[in-house]
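J.: This is the structure I have questions about; it appears just below.
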Amino acid sequence: MAKKKLKGLTIQFIPYTEIETLDSGARIKKLLSIVLGNRIIILQGKLHPEEEARLIEDTMAMVGHVKKFKGIELATINSNSDNLSFFGRFKHSLARALGAQESITIIGPASIVREIKRDPRKIEILMKK
Amino acid sequence: MKRIFSGIFKGKKELSLGFYGPPNGGKTTLANKICKDWTGEGLGKTSKIPHETRTVQFKEKVDIEYKGKKLSLKIVDTPGIATKIDYEDFMRFKMNKKDAQKRAKEATQGIIDAIKWLDDMQAVIVVLDATKNPYSQVNITIIGNLVARKIPVLVVGNKIDLKKADLKRVEAAFPEYEVVGISGKYGKNMEEFYESIFRLAKKA
């Protein structure tokens, strides 16, 4: 009886401090190199909208040129300060000013991650069989 | 320089109006509807297969009128923005491998072009399929980029003729923006949509 080969899945956590000092180009290069290694990234914090757009552009430039690379799945979940009291919002703003990164970004290769379903307060990662 | 021209155009009530959104939201269907309503001619081909629009296409001097107010639009219809393209997805629509691979290649370039064109827009309509989950990262990325570039946004929840359409969900996802529900295919609620375009033009 043939042995069934088990496939591994690597999730890599990246603290914000690891990309904080990088410029946009270097950040995207770093994230894409991890995704190209078939790993799922859990990034503390989030990219700027322009960086997200550049991430999509660079991803598209690679599809068709890198073997078996079909793109990425991407989702960011933010902390919600809308329901906080005035003092809560003040503390929240202060924490943001001090550099605390309350968002989480998930980036995975589309060959592994079928879909990331995103609701305001939860993320559901659907994997490929 | 762009701002100076934009100011001159403002006086003439001319507006570069971009249509952005994920694939199959109905951008080209809506752009066609507007162009047909006011010029008698459409703009581009539509299809059930995603990424039918793979190049940026535009039509100038689309003069629209609402309650005595006039506006000259440059309609810029862009390819749907996505984070992944798999040619095998196209083969599910009975497309052969060669054509599917060609379509995928053109679609990836189309997405790059659509993002590059963002800087040339004076206002943007984000066209979403109201039957789908609006909380997708692509939608958020598009709107985030428009905000960062200070480009006024109107969110359109398209396909309200379908039972599954949930406009309230679209409104809840983007509470800071005006959301109009329409059916580009059947021309439903176009009066309210045109009224919204004039409000959008004021912000540009």
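J.: Pull up the range B:147-164, narrow it to residues that are of a type outside the set (A, V, I, L, M, F, W, C) and not in a loop (DSSP other than H, G, I, E, B), then point me to the one that is nearest to the other protein chains (Cβ to nearest Cβ).
T.: B:Gly157
J.: Which residue is farthest from the chain's Cα centre (by Cα), if the candidates are limited to the range B:21-41 and must be closer than 17 Å to B:Tyr194 by Cα and in a loop (DSSP other than H, G, I, E, B)?
T.: Among those residues, the one meeting the criterion is B:Gly40.
J.: Pull up the range A:42-55, narrow it to residues that are within 19 Å of A:Ile125 (Cβ to Cβ) and touching a helix residue (DSSP H, G or I) at 6+ places or on another chain (Cβ under 7 Å), then point me to the one that is nearest to the other protein chains (Cβ to nearest Cβ).
T.: A:Glu52
J.: Would a scan of the range B:125-146 turn up a residue that is in a helix (DSSP H, G or I), touching a residue at least 12 places away in the same chain (Cβ under 8 Å) and farther than 22 Å from A:Leu74 by Cβ?
T.: no
J.: What number of residues within the range A:82-129 are assigned to a loop (DSSP other than H, G, I, E, B) and either more than 14 Å from chain B (Cβ to nearest Cβ) or at pLDDT 55 or above (or both)?
T.: The total comes to 15.
J.: So which residues in the range B:131-175 are in contact with a Ser or Thr (Cβ under 8 Å, 6 or more places away or on another chain) and closer than 21 Å to B:Lys203 by Cα, if there are any at all?
T.: Listed by number, the residues that qualify are B:Ile140, B:Leu154.
J.: Test each condition in (1) within 30 Å of B:Arg169 (Cα to Cα); (2) modelled with pLDDT of 85 or more; (3) exposed (fewer than 14 other Cβ atoms within 10 Å of the Cβ); (4) among the polar types (S, T, N, Q) for A:Thr21 and report the one that comes out false.
T.: (1)
J.: For the range B:52-73, what are the residues that are out of contact with any helix residue (DSSP H, G or I) (no Cβ under 9 Å at 6 or more places or on another chain) and in contact (Cβ under 8 Å) with a residue 24 or more places away in the chain?
T.: B:Lys70
J.: Against the conditions (1) surrounded by 20 or more Cβ atoms within 10 Å (Cβ to Cβ); (2) modelled with pLDDT of 95 or more, where does B:Thr55 fall short? Just the number, please.
T.: (1)
J.: State yes or no: is B:Val180 surrounded by 21 or more Cβ atoms within 10 Å (Cβ to Cβ), in contact with a Ser or Thr (Cβ under 7 Å, 6 or more places away or on another chain), free of Cβ contacts under 8 Å to residues at least 40 places away in the same chain and not charged (D, E, K, R)?
T.: Yes; evaluated as a whole, the condition is true for this residue.
J.: Please verify whether B:Ala104 is closer than 20 Å to A:Met60 by Cβ and in a helix (DSSP H, G or I), treating the condition exactly as stated.
T.: Taking the combined requirement at face value, the residue satisfies it.
J.: Considering the range A:34-53 alone, what residues qualify as being assigned to a loop (DSSP other than H, G, I, E, B) and among the basic types (Lys, Arg)?
T.: Result: A:Lys46, single match.
J.: Considering only the range B:123-146, state which residues are β-branched (Val, Ile, Thr) and at the interface with chain A (Cβ under 10 Å from one of its Cβ atoms).
T.: Answer for the range B:123-146, where residues must be β-branched (Val, Ile, Thr) and at the interface with chain A (Cβ under 10 Å from one of its Cβ atoms): B:Val138, B:Ile140, B:Thr141, B:Ile142, B:Ile143.
J.: Tell me which residues, restricted to the range B:78-101, are in a helix (DSSP H, G or I) and of a type outside the set (Phe, Trp, Tyr).
T.: Selection gives B:Glu88, B:Asp89, B:Met91, B:Lys97, B:Lys98, B:Asp99, B:Ala100, B:Gln101.
J.: Let me ask another. When the residues of the range B:73-114 are filtered to those that are surrounded by 15 or more Cβ atoms within 10 Å (Cβ to Cβ) and over 23 Å from A:Ile72 (Cβ atoms), which remaining residue is farthest from the other protein chains (Cβ to nearest Cβ)?
T.: Restricting to residues being surrounded by 15 or more Cβ atoms within 10 Å (Cβ to Cβ) and over 23 Å from A:Ile72 (Cβ atoms), the top hit is B:Leu73.
J.: Got a sec? Which of B:Ile111, B:Ile115, B:Ile49, B:Ile75 is assigned to a loop (DSSP other than H, G, I, E, B) and aliphatic (A, V, I, L, M)?
T.: Checking each option against the conditions leaves just B:Ile49.
The values are calculated or read from the model by the stated rules, or taken from the named source; none is laboratory data. A quick note: this is a predicted structure, and the numbers were derived from the prediction, not measured. Cβ: placed from backbone, ideal geometry, glycine included. Neighbour counts: every protein chain shown.
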